[in-house]
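Notes for the one structure printed next.
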């Protein structure tokens, strides 16, 4: 049996296309697309990222979120604006009649939250203000034994992290409370 026929027979029996390109004569190979940066599931605080990658053939057209990217020598780049939270960035590369390439990555933009000043507030009011800012809270009594004997409700003496500090959304703020600070 001739080598080409043997290869075709073995590939057919194994249901493989192992003898070379199985595309129809004259068809163009599929477009190849690779994202170099950012990586899928990257986290940033920046309002935008620069998406970079490679494409083959070098003459392919690349669109990022539906907008044409700059392509030069098989490399491409595009600046992508990010909304707070998780952003899905879709990328497509096409070249004439070749099968296009599609991919998507996720980039999370975290927007820092400034810890509000809740000093002197009642515990409930302080917790409500922190919750409205997207923060969690825990209460730590700080007055000692004699503080419990004093009249009135405890209030917030200080927080950790301190008022004015920038933290990630969802951070837990410790409220140190006492009747007298």
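The values are calculated or read from the model by the stated rules, or taken from the named source; none is laboratory data. Keep in mind the model is a prediction, meaning the values are calculated, not measured. As a convention, Cβ positions derive from the backbone with ideal geometry for all residues, glycine included, and neighbour counts pool all protein chains shown.
Checking every residue in the stretch 68-78 against the condition of being within 30 Å of residue 161 (Cα to Cα) and buried (at least 18 other Cβ atoms within 10 Å of the Cβ) gives zero matches. Considering every residue within the stretch 83-98, establish whether at least one is surrounded by fewer than 16 Cβ atoms within 10 Å (Cβ to Cβ), assigned to a strand (DSSP E or B), touching a strand residue (DSSP E or B) at 6+ places or on another chain (Cβ under 7 Å) and not assigned by TED's automatic domain parsing to the domain that holds residue 66. No, every residue in the stretch 83-98 fails to be surrounded by fewer than 16 Cβ atoms within 10 Å (Cβ to Cβ), assigned to a strand (DSSP E or B), touching a strand residue (DSSP E or B) at 6+ places or on another chain (Cβ under 7 Å) and not assigned by TED's automatic domain parsing to the domain that holds residue 66. Going by the conditions given, is residue 80 closer than 30 Å to residue 133 by Cα and in contact with a helix residue (DSSP H, G or I) (Cβ under 7 Å, 6 or more places away or on another chain)? Answer is no for this residue.
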